[in-house]
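Worksheet: the structure to be examined is printed underneath.
The values are calculated or read from the model by the stated rules, or taken from the named source; none is laboratory data. Quick caveat: nothing in here was measured; it's all calculated off a predicted structure. Ideal geometry is used to build each Cβ from the backbone, glycine not excepted, and the neighbour counts take in all protein chains shown. These area figures cover heavy atoms from the full protein model, side chains too; ligands, DNA and RNA do not enter into them. Shrake-Rupley method; radii C 1.70, N 1.55, O 1.52, S 1.80 Å.
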Amino acid sequence: MIKHIVLFNVKEGEDKDQVTAIAASVLNPLVGQIPGLLHAEVRRCFNGVDFALYTELESREALAVYADHPLHTEAKSHFFHLLSGRTAADYEI
């Protein structure tokens, strides 16, 4: 199993709660739509970055499918323009 975690910062002047809600509304429903994506959770952070995405995937291959999947690309188009930065980390358990 792969854990894929992405930490996001929102551009100055944007509503952090609203951007988090947008991201959650488009990323969380991808479970069941993208093969190998087992869990997705977007949450607003109270310390450090503005919000985080936590996902669980079946394998490294599933992560590669997720990364390039058209539904994932479409989801990102709804909020990436509102971000000032992001950092991702992946690990296997």
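Before moving on, here are some points about what is shown:
- In this rough spin-label picture, where each label sits 7 Å from Cα along the Cβ direction, the N47-E14 distance is 2.5 nm.
- Percentage of interatomic Cα-Cα distances in segment 29-91 larger than 14 Å: 62 percent
- When the solvent-accessible area of the chain is split by element, carbon and sulfur atoms take up 52 percent of it, the probe being 1.4 Å.
- Taken as Cα centroids, segment 1-49 and segment 72-93 sit 8 Å apart, rounded to the nearest whole angstrom.
- Calculated accessible area for the chain comes out at 58 Å² per residue, all protein chains present (probe 1.4 Å; ligands, DNA, RNA ignored).
- Ranked by solvent-accessible area (1.4 Å probe, protein heavy atoms only, all chains present), the residues V31, V6, V49 order from largest to smallest as V31, V49, V6.
- When T73, T55 are compared by accessible area of protein heavy atoms, the largest-first order is T73, T55, using a 1.4 Å probe.
- Taken along the Cα-to-beta-carbon direction at a fixed 7 Å, the label points for D68 and A88 span 1.3 nm.
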